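First up is the structure itself, then whatever we jot down about it.
The values are calculated or read from the model by the stated rules, or taken from the named source; none is laboratory data. As the structure is a computational prediction, the values presented were derived from the model and not from experiment. Reconstructed Cβ throughout: ideal geometry from the backbone, glycine too, with neighbour counts over all protein chains shown.
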Amino acid sequence: MTDKFNPCDPAQLDALMELANGATPGPWETGEASWNEEGDARYTLHGIKEVHAFDCQFIAASREAVPALIEEVKRFRKYVQIIAMQKKVHEVDEEDRDDECFKYAYDKIIDTAREALKAEGV
């Protein structure tokens, strides 16, 4: 995995899935903290007997991947909302489509959709 996770890159998604599949099956839970002489906290993972290389790689990759995936989900939700608004617009009766308020609202929806897509580089 690279330092910067790109959720739109199929190869990175495949690599992350490979790490997830190679990691010890969950669920994992954190235990109580213990403190070393330097004051650093150490945690145990319950549900995992030995930490293997895939577990460490999965944990490390998750630091970049999880926030990126959350942002991607938010982005797709925005697109779903835009599509839902457009669908509602198309459900309006033909005679109401000539109404000035409808035309204004429709133009605003289209402008919002275009701006969102432009901001995402689509």
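At-a-glance table
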| read-out | value |
| --- | --- |
| Subset of region 107-122 (residues that are surrounded by 12 or more Cβ atoms within 10 Å (Cβ to Cβ) and at pLDDT below 70) | none |
| Filter pass, Tyr104 being assigned to a helix (DSSP H, G or I), surrounded by 11 or more Cβ atoms within 10 Å (Cβ to Cβ) and of a type in the set (Phe, Trp, Tyr) | no |
| Scan of region 4-45 for residues that are over 21 Å from the mean Cα position of the chain (by Cα), small (Gly, Ala, Ser) and at pLDDT 85 or above, ordered by number | Gly22 |
| Tabulated pairs, region 46-64, first more than 17 Å from Asn21 (Cβ to Cβ) and modelled with pLDDT of 90 or more, second exposed (fewer than 13 other Cβ atoms within 10 Å of the Cβ) and of a type in the set (Lys, Arg), C-beta under 8 angstrom, 6+ apart or interchain | Glu64/Lys4 |
| Residue within region 70-93 that is surrounded by 12 or more Cβ atoms within 10 Å (Cβ to Cβ), outside any helix (DSSP H, G or I) and not polar (S, T, N, Q) present | yes |
| Matching residues in region 6-63 - criterion: being loosely packed, with under 10 Cβ neighbours inside 10 Å and in a loop (DSSP other than H, G, I, E, B) | Pro25, Pro27, Asn36, Glu37, Glu38, Gly39, Asp40, Lys49, Glu50 |
